[in-house]
Amino acid sequence: MASINKIDEIDTSFDGVKTPSGWNVLKNNSSSKASPTFLSFPDSLKTDENLYKNCLHFACVDPITTSTGVQALSTSYRAAAINYSENAATTPTQKHLLDIYLYKPLMVTKLAHTYEAVKSNIIDDIIKGMSAKNDTPASNGKTSQASDKPAEAGIGETAGKAYDAAETSIIGGLTNFFNEAASSAKQQTTGKAYITPSAAMYKGTAVRTQAFNFKFNPRNQKDLEAMAQIIYYFHYFSLPTFNAPEAGSFSESAFKSKGATYYDVPKLWYIDEMFGSTEGKDIKRHTPRFIFGPAAITNIEYNMTPDEFSKTLKGTAADPAAIDLSITFTELIPMDSEMYDKQNSHTEVHSLGPNVKRSK
């Protein structure tokens, strides 16, 4: 049995229950406690400057949405991500709910892009051929003697070029079609395979996912309380909040008949890497930093028996002596080059890209 420092109790009670020191009771006859705004594990992490310069900062925010509907949700998320990256030392624009400092576990980041092969067809070839023909200057360098301007092509000449392009594309397309149709027989008889190269086109960047696996082993009472609250709030803010419909409203009728009502969606998260040096403020960061968000918790696992059998803490009501917590976050907007550049605003690699387009 592991042990921790015995809890210090003070002679303050409500409804016959003693309150451990350090808990802020909101009112009597209630078990409600003031919501924390700053947590860390170990508990000393948030107060030791040498420690929190090398940790992960989890910021939980309540997004501020407008009722006008004039801005797309993706646009709002992108703007929020850029703003948070530029002002990572301060609170983001959304309503700030909670800050959690945790040590860095094993972290592997992944950025995936999708490219799909696009196969050509006769119609595409005709359009490309016509575009190529029409992009050629009609005058072939000749100018009008009256104005020294390039001579303009007539309707007949333009139509003729379009016809030539269409004819060439159709013939080429049909030839390719017949060759492909006969390719199986040709390969069997001659050992030659007919292949039409196809170009790959960019289809998009996938949203990132990041999994964190934390192992908690509280060393004292403060660590135990911090661990308990961190686990609680990760779960709590990953869930939607039920909104009871107003009496007499249409929503109430739908709720009574179908059980349908509105929920507040789960809160959003930003995760950024704290960094610094004990050697002085002039020490610089050269490698890209880790910033993630806005993101949502898409999976959370809570293991109270990581050793495959129950181990509890002495002096508690069977609190587990060790806990494994696994959380998966998924970003809500795919990254682009400017967003990535903004994430490194406080490092030496900021603006390293030669052609990053700026929104501001």
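Got a sec? Which strands (runs of 3 or more DSSP E) wholly within segment 241-353 have at least 3 residues that are among the charged types (D, E, K, R) and under 30 Å from VAL108 (Cα atoms)?
Once the strands (runs of 3 or more DSSP E) in segment 241-353 are filtered for at least 3 residues that are among the charged types (D, E, K, R) and under 30 Å from VAL108 (Cα atoms), nothing remains.
Here's the yes/no breakdown for (1) under 23 Å from LYS46 (Cα atoms); (2) touching a Phe, Trp or Tyr at 6+ places or on another chain (Cβ under 6 Å); (3) modelled with pLDDT of 90 or more; (4) not assigned by TED's automatic domain parsing to the domain that holds LEU224:
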{"site": "PHE250", "(1), (2), (3), (4)": "no, no, no, no"}
{"site": "LYS258", "(1), (2), (3), (4)": "no, no, no, no"}
{"site": "PRO266", "(1), (2), (3), (4)": "no, no, yes, no"}
{"site": "ASP282", "(1), (2), (3), (4)": "yes, no, no, no"}
{"site": "THR287", "(1), (2), (3), (4)": "no, no, no, no"}
{"site": "ILE323", "(1), (2), (3), (4)": "yes, yes, yes, no"}
{"site": "THR330", "(1), (2), (3), (4)": "no, no, yes, no"}
{"site": "SER351", "(1), (2), (3), (4)": "no, no, no, yes"}
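Inside segment 190-232, can you point out the residues that are outside any strand (DSSP E or B), within 24 Å of the chain's Cα centre (by Cα) and under 15 Å from LEU45 (Cβ atoms)?
Within segment 190-232, just ILE230 meets the criteria.
Any chance you could count how many residues in segment 169-202 are at pLDDT 70 or above, of a type in the set (D, E, K, R) and surrounded by 11 or more Cβ atoms within 10 Å (Cβ to Cβ)?
1
Taking the conditions exactly as written (touching a strand residue (DSSP E or B) at 6+ places or on another chain (Cβ under 8 Å), more than 23 Å from ILE100 (Cα to Cα) and surrounded by fewer than 15 Cβ atoms within 10 Å (Cβ to Cβ)), does GLY315 satisfy them or not?
Judged against the criteria, GLY315 is a match.
The values are calculated or read from the model by the stated rules, or taken from the named source; none is laboratory data. Just so you know, these numbers come straight off a predicted model, no measurement behind them. Quick reminder, even Gly has a Cβ in these numbers, built from the backbone with ideal geometry, and neighbours come from all protein chains shown.
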